[in-house]
Amino acid sequence: MKRIVIALDGFSGTGKSSTAKQVAEKLSYQYIDSGAMYRAVTHLFIEKKVDLTDTKSIEACLDDCEITFDREGVVLNGHGVEGKIRTMEVNKKVSAVSAISMVRRVLVEQQQKIGEGKGVVMDGRDIGTVVFPQADLKVFMTADADIRARRRMLELQSKGIEEDIEVIKHNLLQRDQADSTREDSPLKMAEDAVEIDTSNLTMEDQVKRIVDLAKERIHEG
Ligand code: DC
């Protein structure tokens, strides 16, 4: 059976990652969380106290940065960092880090390599526009900001992190704004993407809609 590339883009907190993961499971495809790659680099920059205006330090840090995935999630230079990349500290810095063209160049190249074999579901902000402009299926996810903030709060709570919902909403909106207005690969819907508003959909509904679309594309010949 034909194996396709599925690009899932959209605003922060629309449930892209959880949806993409389940779609990949249902199709037995590989799931790649590209946001986790930007988060891992952000975590590394925080640890190494990299000054985001210092091109040489950024370059040196990226030269020593290998990102892979295992069952638990993202792996940075051989160490699983999934538990360290979803903090508010990373949330606050990740948009600035992902606006740096040098960072994007390195990560996009790695993402394209992963997608070469097809049979991949990748979620992010520029997957349908920049990473895989030829993706067989592109989905753009949106949702009401209050609903997104509530979902993010519950996700943080499930990890034992308590955060005020207004602080979370503010961060989501700030990231939407920064991600949509940056010069390099801004977040925008690809012309040939299918838009799905997840405000009133259950996770099961949204996964099913995307799997159905994928099956149509797979059988399109
Ligand atoms: O999907 P996420 O919230 O984990 O992504 C974290 C940040 O990474 C997001 O605010 C913008 C950036 N990002 C990006 O610029 N391009 C991508 N393909 C994925 C994420």
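The values are calculated or read from the model by the stated rules, or taken from the named source; none is laboratory data. Since we're looking at a predicted model, the values are computed, not measured. Reconstructed Cβ throughout: ideal geometry from the backbone, glycine too, with neighbour counts over all protein chains shown. Side chains are part of the model used for accessible areas, which takes the heavy atoms of the whole protein and leaves out ligands, DNA and RNA. Shrake-Rupley method; radii C 1.70, N 1.55, O 1.52, S 1.80 Å.
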Flag if R104 is at pLDDT 95 or above and crowded, with 17+ Cβ neighbours inside 10 Å: yes
In the stretch 160-182, the residues that are within 12 Å of the ligand (Cβ to nearest atom) and in contact with a Ser or Thr (Cβ under 9 Å, 6 or more places away or on another chain): N171, L172, L173, Q174, R175, D176, Q177, A178, D179, R182
Residue that is within 14 Å of the chain's Cα centre (by Cα) and modelled with pLDDT of 95 or more, where the choices are S28, S12, S17, S34: S34
Tally, over the stretch 19-42, of residues that are under 20 Å from V75 (Cβ atoms), of a type in the set (S, T, Y) and more than 10 Å from the ligand (Cβ to nearest atom): 2
Residue in the stretch 186-198 that is among the β-branched types (V, I, T) and out of contact with any helix residue (DSSP H, G or I) (no Cβ under 7 Å at 6 or more places or on another chain) present: no
Selection within the stretch 36-55 - under 28 Å from A7 (Cβ atoms) and either open to solvent by 20 Å² or more (accessible area, probe 1.4 Å) or not small (G, A, S) (or both): M37, Y38, R39, V41, T42, H43, L44, F45, L52
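A quick yes/no check of all residues on (1) touching a residue at least 24 places away in the same chain (Cβ under 8 Å); (2) surrounded by fewer than 11 Cβ atoms within 10 Å (Cβ to Cβ):
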residue	(1), (2)
S57	no, no
A60	no, no
F69	yes, no
E72	no, yes
L76	yes, no
V81	yes, no
R86	yes, no
E89	yes, no
A96	yes, no
Residue in the stretch 148-157 that is away from the ligand (no atom under 12 Å from the Cβ), polar (S, T, N, Q), at pLDDT below 95 and open to solvent by 20 Å² or more (accessible area, probe 1.4 Å) present: yes
Answer residue from the stretch 167-185, given it is in a loop (DSSP other than H, G, I, E, B) and touching a helix residue (DSSP H, G or I) at 6+ places or on another chain (Cβ under 7 Å) and is least open to solvent (accessible area, probe 1.4 Å) among those: S185
Breaking point among (1) of a type outside the set (V, I, T); (2) on the phi < 0 side of the Ramachandran plot; (3) assigned to a loop (DSSP other than H, G, I, E, B); (4) at pLDDT below 95, for D51: (4)
